[in-house]
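Reviewing the structure listed below.
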Amino acid sequence: MEQWLPLFRHLLACPVANAAAFSSFPASGECPSSPPPATALLRILLSPVLTLPASASDPTAAILFQILPPFLQSQALSFLASSAHLLDPHLLRSLAARVLSAPPGRYGFWARRGARHLLDGLPEEEGIPGVASDEFVDGFHEPPPWLKEAAAWARPVLPWLPIDCRSLMGSGTRGRGAGDGLDGIGLETFVLAQDEDVEMQEAECVSQPQAPPLGDQIVQRALAVQKEIVTVESGLVAQRVVKDLQDLCVESRNATAVLSLVQPWEADDETLRVLLSNLVLQEDGMCGGGPELVLCSVFLPQLLELQRPPSSVLLSAALDLCKRHPAAALEAVLFPLVLRKGGLNVPQCDVLTRIVKECMHPLHIAAFCHRLLSGEEQERKPLCMPQHHESVGTHLVWTESLFTLFYSILSQDICLTPSTIDELISVIDERASEFSRSLKFSNFLKCFVLKCWHQCKNQRVLLERAAERTNTFLTKAILAKLRPAS
């Protein structure tokens, strides 16, 4: 089993187990290359374990998958789902059916959820005995029992949160003296009646308090750090400068203003690496959480002006921070860069593709695509430093690199929302003539048709019309998929 250790380490370490991502790792070369990892993994998971006899409730022979820890079971199913089109559907269906038809308690919720996802991605076939087509989908959206009990008698804090207002009154009172900016505001301010209209709800919203202005002493110290940060000559000096900058942000209680004055993005790559690895900031009223502030003040400015691949030193430190804080990376890197007024170029697309593949959960990416394509304009308000507002807009500029990014997203089998798919179809129809000779656009269109066919087949005529306006060697393959055999 030693030869399988690199693959199992990948399953345990990665937020999203993916066959393509594993194949790109240097350590993946230690795993058997023939057959491919996904094929071999499927066979070994289905191999019998002779030391475990069959039970009376489950007469089938025990398999290796059954003795894996619950988290590893879920990750293995996700890994297999990413390569389902290359694997034997009968073996995949056998594994998924075994999980879903097992007695209650045999497999955890996420293992069953992964098995259902794997089964849904296989070619349509007659139902599997013992597996209901709508199994636990309803239960997934059900609130927990304690919340149902609370909803029966509570006056809700919010329409979608059935918790009694009085049960939270104590925490609201304690917070009044804690300097959190809610002095004198009771919890009743946040209680929204069910029958209130949108305008009344918006009128009751409490705005965030303004951050205090910087004092003269803070400004002088910030200017001194600004001069020092661009002349750092060693790692030890860089760490001291980062400590001084962090102290300034804490003392000023206005980290955004301090960072805007210091302009840490002007430092060299080694200093930026130290900043990304060591700078820890608290939540800021203007820009949100600490990791978001670090990313939008240190890494994002480098990406906005990127014309060639970034140094490995800088990229490695940034990816490490994005892995630890994927939601912050979404707000402070993906959104601003995709909404760049000049559009996305190739080096920028390559960086975002790595962030998406190595740092993001599928739910993050699905939410990102929905907000980007279907959300209101205020939902697309980018997060960046004041100096960079002019470089970032609120509308997408469609370039070949942006289509390449969406191709990478679709290649990971992300489940897009219906409204996102509809918007992409509209974009395809609008841009087909403009990118008629673009191989990257045709590659995206082919992938979109293959991955989202069940959701978009009702708009086949629109997609076929767009494909007919392209002129690449992929055009015939796209049209063959769109035109059913007579």
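The values are calculated or read from the model by the stated rules, or taken from the named source; none is laboratory data. All values derive from a computational prediction rather than experimental measurement. FYI the Cβ positions are ideal-geometry reconstructions off the backbone, even for glycines, and counts take in every protein chain you see. Accessible surface areas use protein heavy atoms only, side chains included; no ligands, DNA or RNA. Shrake-Rupley method; radii C 1.70, N 1.55, O 1.52, S 1.80 Å.
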query = Excluding same-chain residues fewer than 8 positions from LYS243, which lysines have a Cα within less than 18 Å of its Cα?
reply = LYS227
inquiry  = If I take R0 = 51 Å and measure r between the Cβ atoms of ALA62 and ALA477 in this structure, what FRET efficiency does the formula 1/(1 + (r/R0)^6) give, to the nearest 0.05?
reply    = 0.70
request  = With a 1.4 Å probe and every protein chain left in place, tell me how much accessible area GLU379 has, in Å² to the nearest 10.
outcome  = 70
query = Which of the lysines could a cross-linker span from LYS476 if the Cα-Cα distance has to be under 27 Å and same-chain partners fewer than 8 positions apart are dropped?
reply = LYS440, LYS446, LYS451, LYS457
ask   = Between VAL392 and residues 5 or more places away or on another chain, which pairs have amide H atoms under 5 Å apart, with H built 1.01 Å from N, and which residues are they?
value = LYS341
message = Taking the solvent-accessible surface of protein heavy atoms with a 1.4 Å probe, what is the per residue accessible area of the stretch 261-361 in Å²?
response = 37
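Give me the percent of accessible area attributable to carbon and sulfur for the stretch 342-384, probe 1.4 angstrom.
Numbers: 930 of 1810 Å².
Of the solvent-accessible surface of the stretch 342-384, carbon and sulfur hold 51 percent.
Taking R0 as 45 Å, what FRET efficiency do you get between VAL250 and GLU464 from their Cβ-Cβ distance, rounded to the nearest 0.05? Provide the component values of the computation, followed by the final result.
Numbers: r = 59 Å, r/R0 = 1.32.
Once rounded, the FRET efficiency stands at 0.15.
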message = Taking θ = phi - 60°, what integer Hz values does the Karplus form 6.51 cos²θ - 1.76 cosθ + 1.60 yield along the stretch 322-331, in sequence order, with x for Gly and Pro?
response = 5, 5, 6, 9, x, 5, 5, 5, 4, 6
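What percentage of the solvent-accessible surface of the stretch 439-486, computed with a 1.4 Å probe over protein heavy atoms, is contributed by carbon and sulfur atoms?
Numbers: 1510 of 2800 Å².
C and S fraction of accessible area: 54 percent.
Please list ASP120, ASP268, ASP247 from largest to smallest accessible area, probe radius 1.4 Å, with all protein chains kept in place. Before the final figure, lay out each step's value.
Working: ASP120 105, ASP268 75, ASP247 50 Å².
Reading off the accessible areas and sorting them downward yields ASP120, ASP268, ASP247.
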